[in-house]
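The values are calculated or read from the model by the stated rules, or taken from the named source; none is laboratory data. Predicted model only: the values in this text are computed from it and were never measured. When we count neighbours, we look across all protein chains shown, and the Cβ atoms used for this are built from the backbone with ideal geometry, even at glycine. These accessible areas exclude ligands, DNA and RNA; they are computed on the full protein's heavy atoms, side chains included. Shrake-Rupley method; radii C 1.70, N 1.55, O 1.52, S 1.80 Å.
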Amino acid sequence: MDAKEFASRYLVDRRNTDSSKWDGLRAKFGEDGLIPLWIADMEFRTCEAITEALAERVRHGVFGYSVVPDEYYAVFSDWMESRYGWRVARESVRFSTGCVTAIAWMIHAFTKPGDACMILTPVYYPFHNVVTNNGRKLVTVPLKYEAGYFTMDYEAIGKAIRENSVKMFIQCSPHNPGQTGKKICPFSRCCGR
Ligand SMILES: Cc1ncc(COP(=O)(O)O)c(C=O)c1O
């Protein structure tokens, strides 16, 4: 499928659909007519396999309390194995309703109030809030911007860890914001960036 066909099939005008990206502009920035680059949110319709599965669930018509089915863990493990060669045991996986919620759980599991947690900046803003809102000390280390790319500043990272007794490093992978094309991340097997 070329770009033109893709756009004709999947591009959607999201204005006047209560979209945070478009319809929330005035509330957030005080004016309309801006190009909403502030949020990682799509203009393209989700693929048919997903919308059909959701539609089937809606047609079922009962929306009571649910369990997380075994299939959830199996599908996740299959994905990790086929993409990264990592078969993840079911007992190593916990269900979370979002990344930021999961980070909050990790902070509570592995650090104590007042402990230092390190992030690399600039980064998706809730990475800051999730540390401070949970009573931990936020340590930020700027990424190095070199020849058009962000890279990790290992010297500054080491210094920050030593000076602040950092207990947790919260790595955003793939890094947002960042640039593709050059490896930013030492764990490149997971996403190739
Ligand atoms: C780096 C990063 N993590 C997490 C999220 C949001 O994830 P969730 O909705 O699962 O909390 C975003 C959204 O833009 C993001 O950029």
Please go through (1) under 26 Å from SER173 (Cβ atoms); (2) open to solvent by 100 Å² or more (accessible area, probe 1.4 Å) for LEU54 and return the number of the only condition it doesn't satisfy.
(1)
Selection status of ILE50, outside any loop (DSSP other than H, G, I, E, B) and touching an Asp or Glu at 6+ places or on another chain (Cβ under 9 Å):
no
Taking the condition of being under 13 Å from the mean Cα position of the chain (by Cα), assigned to a loop (DSSP other than H, G, I, E, B) and not small (Gly, Ala, Ser), how many residues in the range 82-129 meet it?
4
When you scan the range 141-160, do you find a residue that is more than 21 Å from PRO174 (Cα to Cα), within 20 Å of the chain's Cα centre (by Cα) and either surrounded by 10 or more Cβ atoms within 10 Å (Cβ to Cβ) or at pLDDT 95 or above (or both), even just one?
no
For helices (runs of 4 or more DSSP H) lying entirely in the range 1-41, having 1 or more residues that are closer than 22 Å to VAL123 by Cβ picks out 20-23, 25-29
LYS137: more than 30 Å from ASP13 (Cα to Cα) and without any contact (Cβ under 8 Å) to a residue 24 or more places away in the chain, yes or no?
no
So, in the range 86-97, how many residues would count as being open to solvent by 40 Å² or more (accessible area, probe 1.4 Å) and away from the ligand (no atom under 16 Å from the Cβ)?
6
Within the set of pairs 6 or more residues apart or between chains, which connect a residue that is outside the structural domain of SER165 (by TED's automatic domain parsing) and closer than 13 Å to CYS99 by Cβ inside the range 114-131 to a residue that is within 12 Å of the ligand (Cβ to nearest atom) and acidic (Asp, Glu) with Cβ atoms less than 7 Å apart?
none
Confirm whether THR51 is in the same structural domain as SER19 (by TED's automatic domain parsing) and within 16 Å of the ligand (Cβ to nearest atom).
no
Read through the list (1) among the aliphatic types (A, V, I, L, M); (2) away from the ligand (no atom under 16 Å from the Cβ); (3) open to solvent by less than 60 Å² (accessible area, probe 1.4 Å), then give the number of the only condition that VAL100 fails.
(2)
